[in-house]
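The values are calculated or read from the model by the stated rules, or taken from the named source; none is laboratory data. This structure is a prediction, so every number in the text was calculated from the model and none was measured. Heads up, the Cβs are rebuilt from the backbone with ideal geometry, glycines too, and the neighbour counts pull from every protein chain shown. Note: accessible area is taken over every heavy atom of the protein model, side chains too, but ligands, DNA and RNA are not part of it. Shrake-Rupley method; radii C 1.70, N 1.55, O 1.52, S 1.80 Å.
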Amino acid sequence: VQLQASGGGLVQPGGSLRLSCAASGSIFSINSMGWYRQPPGKQRELVASVIVAAGGSTNYAEFAKGRFTISRDNTKNTVYLQMNNLEPQDTAVYYCNGREYNGYNFWGQGTQVTVSS
């Protein structure tokens, strides 16, 4: 499985960004996809995840609830993270994640999100 992330950048506080993560390869093995982030000097943490099967459930970190929305387009094997009302503390490298049914994790390259005026 290969994961290609895109969509990071510089945005002002209160702004929005949408991250995309396209999966390719043995995607039939993927149970869930999601986004993690690693702020400067901190550990990587979950942002949001979604079960890729039809009607799959979503899971959000507390800081993401109400501001971020994860969605998927199974026809494109792509997961999106819409981030609204961004705050400086959202500044981090964001990583796309794919998890197989057996728990194995795949990671995409990180994409930098910087929230600054």
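Overview of values
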quantity: Most fluctuating residue given options V47, V79, V93, as computed from a GNM of the chain linking Cα atoms under 10 Å; calculated: V93
quantity: Net charge of neighbours whose Cβ lies under 12 Å from the Cβ of R67, counting Lys and Arg as +1 and Asp and Glu as -1; calculated: -2
quantity: Electrostatic dipole magnitude of the chain [Cβ: Lys, Arg +1; Asp, Glu -1; Cα centre; debye, to 20]; calculated: 40 debye
quantity: Exposure rank, largest accessible area first [T75, T114; 1.4 Å]; calculated: T75, T114
quantity: Selected from E62, E100, E45 as most flexible by GNM, with the chain as the system and alpha-carbon contacts under 10 Å; calculated: E62
quantity: Over region 58-117, equivalent-ellipsoid semi-axes from the Cα gyration tensor in Å; calculated: 23, 14, 12
quantity: Cα-based convex hull, the chain, per residue volume (Å³, whole number); calculated: 92 Å³
quantity: Heavy-atom accessible surface of region 1-58: percent carbon and sulfur, 1.4 Å; calculated: 50 percent
quantity: Ranked order, W107, W35 - accessible area, probe 1.4 Å, largest first; calculated: W107, W35
